[in-house]
Every structure is written in C-alpha cells, then in structure tokens.
Amino acid sequence: MSLHLEHDADLTALNTFGVPARAAMLARVDDAGELPGLFAAIAGQGLPWLALGQGSNLLFAGDPQGIVVQPVLAGIAVTGESGGRVRVRAGAGESWHGLVEWTLAHDLCGLENLALIPGTVGAAPVQNIGAYGVELAAFIGAVEAFDVGAGVLCRLEPGDCGFAYRDSRFKREPGRWLITAVELDLPRDAEPVTGYAGLGAELAAAGVTRPDARAVFEAVCALRRRKLPDPARIGNAGSFFKNPVVPALQAAFVRDHHPDLPCWPAGAEHVKLSAAWLIEHSGLKGHRIGDAGVSDRHALVLVNHGGATGAQLLALARHVQDTVQARFGVALEPEPVIIGAG
Ligand SMILES: Cc1cc2nc3c(=O)[nH]c(=O)nc-3n(C[C@H](O)[C@H](O)[C@H](O)COP(=O)(O)OP(=O)(O)OC[C@H]3O[C@@H](n4cnc5c(N)ncnc54)[C@H](O)[C@@H]3O)c2cc1C
C-alpha cells in the first residue's frame, strides 16, 4: 500500500473524543511520492481537504468537507551530528510518544517533558506541542511538508515555521501544508527542566535528587497518568482551552479581586492566566450538558461521557467561554481545531 482510499469512512475511532463523524473519502498515504498526484486529483475536483493524525487535537462538530488525508509515513533515524546535537528525522505517521521513547533509548535527551502526549509526529509542530515547561519548537531542526498550493515538497527551517504558544504557521494556514517528516536537533546531555507544575515535587517524592532525562520521563508519565483522563476510557482531547494571555494591566485588575489566580509572565507586557482556575472558579468543574461534560478531574478537559456528539461538546465549550467571560472578563480560546461547525 502506498495510497489507500476509503469511501464514506467512519471517523468515530479516529478521534479521541470518540464522537461520530464520516468522511466522504479517507486517503491514507505511506509514501510522500504519492502526494503530488493525490493533491492534483483533489484540486482537479475542487475539493477541500483535511489532514488527520490520530485525532487527539480536533473536534468533529460535524462531518469534514471533502477528503481527509492521513499521512502514515513511517521511519525514525539519526541523520547527522554537529555542535553537540544529534539530528533525528521521524516520519509524520510515527507515534509522538514512541519517538520520545526512541530518543531516550538512543541516549538523546530534550523530549522527556513531552512524554505521553498523544498523537503523531506530523501533528506535533502544528500546535507546537508543549508540556511541563518545554515546547517542541526548542528542538526543531526542520519540518518537511508538502506545499499544497505550490504542489511541491519543501523543507522549512525553524524560522519559517512561525512557532508560538500552541501555534504555528501550519495551524494558521489550514489547507496549505501536509507535514511529511520532522527533523529534531537533540543534545546527548543537557540540564533537565524540572521547575514546572509539580514536576520537582514528583521527582522528590520518588526520591530522585539529581534527575536525568529518564527520571524526568518517568515522573512526567506518572503525573500525566494520575492527572489526565485517559481517552481510551473517556473521550477527550486533552486541554480544551489555551491559557489566556492578557495585557499585564488586565491581569493585575483580575488578580486584584482574585489574588490566588495562578499566572505566569508572557513577555514584557503580557501575563498568562490559568484557564483551569478560571473554569473551576466559574463553578464548571464536573458540569454536564447531557453526555458532554467538563472533567471532574481537570477543569481544562472536556469529556464525552458516552453518547455526546461533537455539536454538543461545542455547545458546552461555548457555555464555558460565556460563563468565564461574564465572571472574569477573560476570553478563552479553544486549543483543538474545530471541524465542520457550519
Ligand atoms: C489526553 C490528551 C493529552 C494531551 N496533552 C497535550 C499536551 O500536554 N500538550 C499539547 O501540546 N497537546 C496535548 N494534547 C493534544 C494533542 O495530543 C496534540 O496536539 C497532538 O500533537 C495531536 O496529534 P494528532 O496526530 O492526534 O493530530 P490531529 O488531532 O489528528 O490533528 C490536529 C491538527 O493538526 C493537523 N494535522 C495533523 N497531522 C498533520 C500533518 N501531518 N500535516 C499537517 N497538519 C496536520 C490537523 O488537520 C489538525 O488541524 C493532548 C491530547 C490528549 C487527548
């Protein structure tokens, strides 16, 4: 198989919310050489298209239009070494967590804080995945992608990717890029990042005084398993809202009334606020509208208790946004990509 086409494909098992959706056509591609022909055919029919990885950062509020393209390009290899950093190239269809484990097994570090993030390697640059004080952008050497507009395979340097907090040009230019591989520059030795959100305490509780990359990996996995609902048990897409970044003056005003609201500096003039705190203190933790719910374990996570549709989850998300806006005057922005909202 290098190109596999399926008509009227069921996407229910291909999104971690587990909501029902169908694609008129699902194209699975395991050879980048097939992409020019595939996209010429898509353009010839004047159809829109959507890239799909493991569906762990999108919400099907309705059926996607046109063709869904799932790159299942495989392979992880070391391709070079310079300046103390090792270049690793991974195909877009590889599992992200599998890649993190592979790098540790090859005595490379840097990605350990990003362990257990679901999804594919190809989707990781799209929202510049981040966790426990580390963002993917810090390790990107290059992103290989098919430029659908130009009909050519390209190699984008980090400065061309427009990375920002949970954002990139790939997210801002939907329909233009299909990422085929990611190149990472990883150190063999580096000071672990342990200062974020309970990670230091987790290491201390495990009796680790001088953590290495493996110890941080284990601690991150333990923390995530304890804190985040497992999509295999209850449908979800991880954090549903970004932490809002607001002008420092606005943050000072909100914190004047709510001094325990957690916040972090975000550049010279902005402050990042805890979206989870805002939702919880709006009384919405555990709130349900039918089978669409706010997790009772983590207020940032929306969950499908069984029979929710994407439209119902979207309605719940809007209720959360409206309630937080009315109570605190802060706008929340969804993190997952909303598909088919009409
Ligand atoms: C339990 C849980 C925990 C999570 N924790 C985190 C976390 O800590 N940090 C974090 O950053 N994210 C987190 N996420 C979100 C998610 O795992 C990541 O965003 C992940 O990178 C999405 O990968 P995916 O393959 O599932 O992408 P999908 O959900 O399939 O796609 C996401 C977006 O990327 C696009 N896309 C997918 N593949 C490609 C490609 N090859 N080329 C171009 N565009 C593409 C899609 O069109 C869509 O817009 C979590 C999700 C869950 C369910």
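Kirkwood Rh, the range 233-342, all Cα pairs: how many Å?
Details: mean 1/r = 0.0696 Å⁻¹.
Evaluated over the range 233-342, this radius sits at 14.4 Å.
For the chain, modelled as a GNM with alpha-carbon contacts under 10 angstrom, which of 298, 257, 281 fluctuates the most?
257
Only Cα pairs within less than 10 Å get springs; with that Gaussian network setup on the chain, which residue of 165, 196, 132 has the largest fluctuation?
196
Which whole-number percentage describes the relative contact order of the range 76-187, with Cα contacts under 8 Å and a sequence gap of 6 or more? Mind dumping the intermediate values first?
Numbers: 227 pairs, mean separation 35.7, N = 112.
Relative contact order, the range 76-187: 32 percent.
How many lysine pairs does the chain hold where the Cα atoms are under 18 Å apart and the two sit 8 or more places apart or on different chains?
Values: 171/242; 227/242; 227/285; 242/272; 242/285.
Total qualifying Lys-Lys pairs in the chain comes to 5.
How large is log10 of I(q)/I(0) for the range 71-128 at q = 0.29 Å⁻¹ when the intensity is taken from the Debye formula with one equal scatterer per alpha-carbon?
Log10 I(q)/I(0), no solvent term: -1.32.
Can you work out ³J(HN,Hα) from phi for every residue in the range 190-204, in order, using Karplus 6.51 cos²θ - 1.76 cosθ + 1.60 and θ = phi - 60°, giving whole Hz and x for Gly and Pro?
Running phi through 6.51 cos²θ - 1.76 cosθ + 1.60 with θ = phi - 60° gives 7, 5, x, 9, 10, x, 10, 6, x, 5, x, 5, 5, 5, 4 Hz.
Find the relative contact order for the chain and round it to a whole percent, using C-alpha pairs within less than 8 Å whose residues are 6+ positions apart. Don't skip to the answer; put the middle values down first.
On the way: 722 pairs, mean separation 59.0, N = 342.
Dividing the mean separation by the residue count of the chain yields 17 percent.
If each DSSP helix of 4+ residues adds -39,500 (n - 2.57) and the sum is divided by the residues in the chain, what number results at 222 nm, nearest 500 deg cm²/dmol? Display every interim value, and only then the final one.
Values: 8 runs with 81 residues, N = 342.
After summing the helix terms and dividing by residue count, I get -7000 deg cm²/dmol.
Could you give me D for the chain, from Stokes-Einstein at 10 °C and 1.306 mPa s, where the hydrodynamic radius is the Kirkwood radius over C-alpha pairs? Units µm² s⁻¹, please.
Details: Rh = 21.1 Å.
Reported coefficient: 75 µm²/s.
Each reported figure results from applying straightforward, stated rules to the coordinates on display, with no laboratory input. This structure is a prediction, so every number in the text was calculated from the model and none was measured.
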